[in-house]
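Have a look at the structure below before the remarks.
The values are calculated or read from the model by the stated rules, or taken from the named source; none is laboratory data. Since we're looking at a predicted model, the values are computed, not measured. Reconstructed Cβ throughout: ideal geometry from the backbone, glycine too, with neighbour counts over all protein chains shown.
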Amino acid sequence: MMFVITLKFSDNKSNAAQFMDAHKQWIKSGFDDGVFLLSGSLHSGGGVVVAHNYSLEELQNRVDLDPFVKENIVTAQVMEFTPAKTDPRLNFLLE
């Protein structure tokens, strides 16, 4: 399964700087563990992560550990989808 995680800033956005290093470490651990495929900033504010090879429950638990989520700096939405077609360079995602 594949997932798109959106992280949208909440009213506590002003606390982001205080937890940025811990949030970046959370992202790094997702890549190190082979769960995250890409991450980036949303132009509207917040961020997005694409994840795979995890169950929805495991991923939700991982998202709940993000310091930005724990401190209510962002609200997270996890959307699960099944890829049906990819660019040939991404065919491994169809397995």
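Within region 12-35, the residues that satisfy the criterion of being without any contact (Cβ under 8 Å) to a residue 60 or more places away in the chain and among the charged types (D, E, K, R) are ASP21, LYS24, LYS28, ASP32, ASP33. Just one of the numbered conditions (1) exposed (fewer than 12 other Cβ atoms within 10 Å of the Cβ); (2) closer than 19 Å to VAL78 by Cα is not true of HIS23: (1). Restricted to region 49-95, and to residues there that are among the basic types (Lys, Arg) and over 12 Å from the mean Cα position of the chain (by Cα), the residue that is modelled with the highest pLDDT is LYS70. Residue under question is LEU59, and the condition is that it be surrounded by fewer than 16 Cβ atoms within 10 Å (Cβ to Cβ) and among the aliphatic types (A, V, I, L, M); does it hold? Spelling it out, it is not the case that LEU59 is surrounded by fewer than 16 Cβ atoms within 10 Å (Cβ to Cβ) and among the aliphatic types (A, V, I, L, M).
Checked against (1) touching a residue at least 60 places away in the same chain (Cβ under 8 Å); (2) surrounded by fewer than 16 Cβ atoms within 10 Å (Cβ to Cβ); (3) assigned to a helix (DSSP H, G or I); (4) of a type outside the set (Asp, Glu), VAL69 passes all but condition (2). Whether any residue in region 29-37 is touching a helix residue (DSSP H, G or I) at 6+ places or on another chain (Cβ under 8 Å), under 29 Å from GLN18 (Cα atoms) and outside any strand (DSSP E or B) is what I want to check. The answer is yes, given that some residue of region 29-37 is touching a helix residue (DSSP H, G or I) at 6+ places or on another chain (Cβ under 8 Å), under 29 Å from GLN18 (Cα atoms) and outside any strand (DSSP E or B). Under the condition of being under 8 Å from the mean Cα position of the chain (by Cα) and in a strand (DSSP E or B), the residues counted in region 1-28 number 4. Scan region 75-90 for residues that are in a helix (DSSP H, G or I) and either surrounded by fewer than 11 Cβ atoms within 10 Å (Cβ to Cβ) or in contact (Cβ under 8 Å) with a residue 24 or more places away in the chain (or both) and the total you get is 2.
Test PHE36 against the criterion of being within 22 Å of GLU95 (Cβ to Cβ) and modelled with pLDDT under 95, and give yes or no. Answer is no for this residue.
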